[in-house]
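Below you'll find the structure, written out as structure tokens, and then a few comments.
The values are calculated or read from the model by the stated rules, or taken from the named source; none is laboratory data. Everything quoted here is computed from the prediction, not taken from an experiment. Here the Cβ is made from the backbone with ideal geometry for all residues, glycine too, and neighbour counts use every protein chain on show. SASA here: full protein model, heavy atoms, side chains in, ligands and nucleic acids out. Shrake-Rupley method; radii C 1.70, N 1.55, O 1.52, S 1.80 Å.
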Amino acid sequence: MLQGKNIVLGVTGSIAVHKAVDIASKLTQQGARVDVIMTPAATEFVKPLAFRSVTGRAVTTSMFETDTEFNIEHIALAQSADVVVIAPASANTIAKIACGIADNMLCSTVLATRAPIIVAPAMNVNMWENPVTRENTEKLRRRGFDIVGPAHGWLAEGRKGWGRMVEPPAVIDAVKIALGRGGDLAGKRIVVTSGGTQEPIDPVRHITNRSSGRMG
């Protein structure tokens, strides 16, 4: 499903940025072309070289770079993307996108793209539970953004709570779901039935269980 797809991975300033490196690596291994956009804050946590090493692609950190293939038109990435993923997504970036602010390359790309957009929040528990952040997140959800997480677990400040970024497999699954929405099964209604399992021994006998279907 990912073979030959163009994925734009937006990375913002968060301690969870190391998960984004893993996401970029796994998407690339599955055949996707991954173009990474880092906000200035993200580069304080990890260097662009880390993403360039796992994707084999140039990393964009500014709208005014002159050494990448995207310098002619700042919406080139937005037009080429099959899916845009923001992981981790900080409270600051979520707020900017919700308000339509486009003061960096990532926000500009989000504002200009028509591709599905997946957002994986990552922040302090108090920031996540702040009504402003929740309102901004719900605003994105109503506009059609896919919000993945956050999860509950240990946070950077050494306490448990909501705000932890989901693990890379969950983000990659969300990418596959987004890509599959226009596939062969789009618009179809499917009924799935389940019940006891039967494994034949020979034309007469079989091994089964007493499942009523609840297991299925």
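In the condition set (1) of a type in the set (Gly, Ala, Ser); (2) part of a loop (DSSP other than H, G, I, E, B); (3) touching a residue at least 60 places away in the same chain (Cβ under 8 Å), Ala178 is compliant with all but (2). Within segment 34-51, the only residue that satisfies the criterion of being buried (at least 17 other Cβ atoms within 10 Å of the Cβ) and among the charged types (D, E, K, R) is Asp35. Could you list, in sequence order, the residues of segment 141-159 that are more than 21 Å from Ala20 (Cα to Cα) and either at pLDDT 85 or above or surrounded by 11 or more Cβ atoms within 10 Å (Cβ to Cβ) (or both)? Scanning segment 141-159 gives Arg141, Arg142, Arg143, Gly144.
Filter segment 182-198 for residues that are aliphatic (A, V, I, L, M) and open to solvent by 70 Å² or more (accessible area, probe 1.4 Å); which is modelled with the lowest pLDDT? Ranking the qualifying residues of segment 182-198, first place goes to Leu185.
Inside segment 125-140, can you point out the residues that are among the β-branched types (Val, Ile, Thr), surrounded by 13 or more Cβ atoms within 10 Å (Cβ to Cβ) and either without any contact (Cβ under 8 Å) to a residue 40 or more places away in the chain or on the phi > 0 side of the Ramachandran plot (or both)? It would help to see each step written out before you state the result.
Filtering segment 125-140 down to residues among the β-branched types (Val, Ile, Thr) leaves 125, 132-133, 137.
Pick out the ones that are also surrounded by 13 or more Cβ atoms within 10 Å (Cβ to Cβ) and you get 125, 133, 137.
The one that is among the β-branched types (Val, Ile, Thr), surrounded by 13 or more Cβ atoms within 10 Å (Cβ to Cβ) and either without any contact (Cβ under 8 Å) to a residue 40 or more places away in the chain or on the phi > 0 side of the Ramachandran plot (or both): Val125.
The combined condition, being surrounded by fewer than 12 Cβ atoms within 10 Å (Cβ to Cβ), more than 16 Å from Val83 (Cβ to Cβ) and either within 21 Å of the chain's Cα centre (by Cα) or without any contact (Cβ under 8 Å) to a residue 12 or more places away in the chain (or both), is fulfilled by Val204. Could you check segment 85-110 and list, in sequence order, the residues that are of a type in the set (S, T, N, Q) and open to solvent by less than 20 Å² (accessible area, probe 1.4 Å)? Passing the criteria: Ser90, Thr93, Ser108, Thr109.
What residue, of Gly13, Gly31, is in a loop (DSSP other than H, G, I, E, B) and surrounded by fewer than 16 Cβ atoms within 10 Å (Cβ to Cβ)? Spell out how you get there, then give the answer.
On the way: Gly13 fails: surrounded by fewer than 16 Cβ atoms within 10 Å (Cβ to Cβ).
Selected residue: Gly31, the only one of Gly13, Gly31 that is in a loop (DSSP other than H, G, I, E, B) and surrounded by fewer than 16 Cβ atoms within 10 Å (Cβ to Cβ).
Anything in segment 162-181 that is under 15 Å from Ala16 (Cα atoms), among the small types (Gly, Ala, Ser) and open to solvent by less than 20 Å² (accessible area, probe 1.4 Å)? List them, or say none. Listed by number, the list holds a single entry, Gly163. Of all residues in segment 107-124, those that are in contact (Cβ under 8 Å) with a residue 60 or more places away in the chain and more than 15 Å from Asn136 (Cα to Cα) have Cβ atoms under 8 Å from Cβ atoms of residues that are in a loop (DSSP other than H, G, I, E, B) and open to solvent by less than 20 Å² (accessible area, probe 1.4 Å), 6 or more apart or on another chain, in Thr109/Ala81; Thr113/Ala81; Ala115/Ala81. Annotation note: Cβ proximity below 8 Å between a residue of segment 75-100 that is farther than 25 Å from Asp22 by Cβ and a residue that is open to solvent by 20 Å² or more (accessible area, probe 1.4 Å) and aromatic (Phe, Trp, Tyr) (sequence gap 6+ or interchain) occurs for Ala76/Phe70.
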